[in-house]
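The values are calculated or read from the model by the stated rules, or taken from the named source; none is laboratory data. Bear in mind that the values here come from a model prediction, so they are computed numbers and not experimental data. Cβ atoms come from the backbone with ideal geometry, glycine included; neighbour counts cover every protein chain shown.
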Amino acid sequence: MSERSVVVCGAGGFIGGALVADLRADRARVRAVDLKPLEEWYQRFDDVENLQLDLRDKSACEQAVAGVEEVYNLAADMGGMGFIENNKAACMLSVLINTHLLGAAQAADVSHFFFASSACVYAADKQVDHDVVPLKEEDAYPAMPEDGYGWEKLFSERMCRHFAEDYGLVTRVARYHNVYGPHGTWDGGREKAPAAICRKVIEAVTTGDHRIEIWGDGHQTRSFMYVDDCVLGTRRIMESEIEEPINLGSDQLVTINQLVSMVEQIAGVTLERRYDLDAPKGVNGRNSDNAQIRKHLGWEPSIRLQDGLEKTYAWIHDQYRARGQ
Ligand code: NAD
């Protein structure tokens, strides 16, 4: 049983909501903070303290961290490739959240600070081949991350490092690789590939128009981590002695075409594929090297993509139906 008091920033979002669910089940005292109105949060619990705050403001950050021992910072203005390629300034402004939260945490004598970084910090020249060599933590330097979003994450990682070195704040940084699962964005332009593909397959099945549009040529490769693995890894990294940014991702590499095939199999259909070669598609290949996390934690994400996709598909299917579509 945990007696810790924690704040989850970005708690109205996909991973933040799942983290709150897990922490509260573990009987931590949880404060949940997000910019969005409470009715728009993916998961909301009445037995935790829910606050709507704009964490770009310093005073909001001070309010968020007051009286807590641990800060989980998952708040960011973000989305899938379609969003981050077209909203670079908005993505970079999340630096205000990290800056003020770190400053407030240090001033309030918070014990531990977690920052959700991203595989988008990795240098572009390490991700040109489809048949990618998994990314090791050291591959972030020399720096040439994803423009906008990736630079903000890399800069914020460095801030965490220097707050630890200069002020003694214990900081932990995980580089998430594509996270998917229920209770996340599945339409509207910020959704990521697994949710977008589930939605498109559901639309095709529902309308009887058995065609699907795929961004890029479908040969780009990725790994996808189910949200339960992400939450477990986040908590283990927070509790660990790992001082450097570390990969938190699956190393089950698939092409986008294979991802589509898996979702088709779940739905029991085969669709005609159309490839939009002008759509944002990100790097050609990306995978997580898990040697470090295995070494430090004796653990790595292991939920099979097929199993996680079945749950994700079922949840998006329910949302789609609930909208009367
Ligand atoms: P999400 O968009 O569902 O959640 C982020 C939340 O932050 C949103 O609810 C948003 O309202 C909130 N937020 C944005 N600006 C805010 C502000 N000014 N004040 C307070 N709250 C604010 O995204 P997610 O997928 O849950 O991602 C969580 C974290 O993990 C983010 O930092 C993201 O960059 C990182 N990450 C996610 C993935 C992924 O695949 N989902 C991959 C790499 C890194």
Filtered residues of segment 173-185 (kept if more than 6 Å from the ligand (Cβ to nearest atom) and in a strand (DSSP E or B)): VAL173, ALA174, ARG175, TYR180
The condition from (1) basic (Lys, Arg); (2) more than 17 Å from the chain's Cα centre (by Cα); (3) part of a loop (DSSP other than H, G, I, E, B) that ARG190 misses is numbered (2)
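Rundown of residues vs (1) part of a helix (DSSP H, G or I); (2) not assigned by TED's automatic domain parsing to the domain that holds LEU169, yes/no style:
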residue	(1), (2)
GLY233	yes, no
ARG236	yes, no
GLU243	no, no
LEU259	yes, yes
ILE266	yes, yes
TYR313	yes, yes
HIS317	yes, yes
Would you please name the residue that is nearest to GLY168 (Cα to Cα), looking only at residues in segment 259-286 that are polar (S, T, N, Q) and touching a helix residue (DSSP H, G or I) at 6+ places or on another chain (Cβ under 9 Å)? GLN265
Return the pair list, or none, for Cβ contacts closer than 8 Å from residues in segment 47-69 that are assigned by TED's automatic domain parsing to the domain that holds VAL110 to residues that are of a type in the set (Lys, Arg) and not in a strand (DSSP E or B), at least 6 apart or on different chains. ASP47/ARG24; VAL48/ARG24; ASN50/ARG44; GLN52/LYS36; GLU69/ARG4
Assess whether GLU272 counts as being under 22 Å from the mean Cα position of the chain (by Cα), surrounded by fewer than 19 Cβ atoms within 10 Å (Cβ to Cβ), in contact (Cβ under 8 Å) with a residue 24 or more places away in the chain and not assigned by TED's automatic domain parsing to the domain that holds PRO145. no
Being surrounded by fewer than 17 Cβ atoms within 10 Å (Cβ to Cβ) and either part of a strand (DSSP E or B) or touching a Ser or Thr at 6+ places or on another chain (Cβ under 8 Å) (or both) is the filter here; which residues of segment 1-50 pass it? SER5, ASP26, ARG27, GLU49
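Evaluate the following for VAL110: is it over 30 Å from ILE316 (Cα atoms), more than 15 Å from the ligand (Cβ to nearest atom), out of contact with any Asp or Glu (no Cβ under 7 Å at 6 or more places or on another chain) and in contact (Cβ under 8 Å) with a residue 12 or more places away in the chain? So that I can check it myself, show each step before the final result.
Numbers: over 30 Å from ILE316 (Cα atoms): yes; more than 15 Å from the ligand (Cβ to nearest atom): yes; out of contact with any Asp or Glu (no Cβ under 7 Å at 6 or more places or on another chain): no; in contact (Cβ under 8 Å) with a residue 12 or more places away in the chain: yes.
No: the conditions fail for VAL110.
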Please find, among VAL227, VAL269, VAL170, VAL201, the residue that is within 16 Å of the ligand (Cβ to nearest atom) and of a type in the set (Val, Ile, Thr). VAL227
Residue check: is ILE293 in contact with a helix residue (DSSP H, G or I) (Cβ under 6 Å, 6 or more places away or on another chain), β-branched (Val, Ile, Thr) and under 30 Å from VAL170 (Cα atoms)? no
Quick check: anything in segment 22-31 near the ligand (Cβ under 10 Å from one of its atoms), within 22 Å of the chain's Cα centre (by Cα) and touching a residue at least 40 places away in the same chain (Cβ under 8 Å)? no
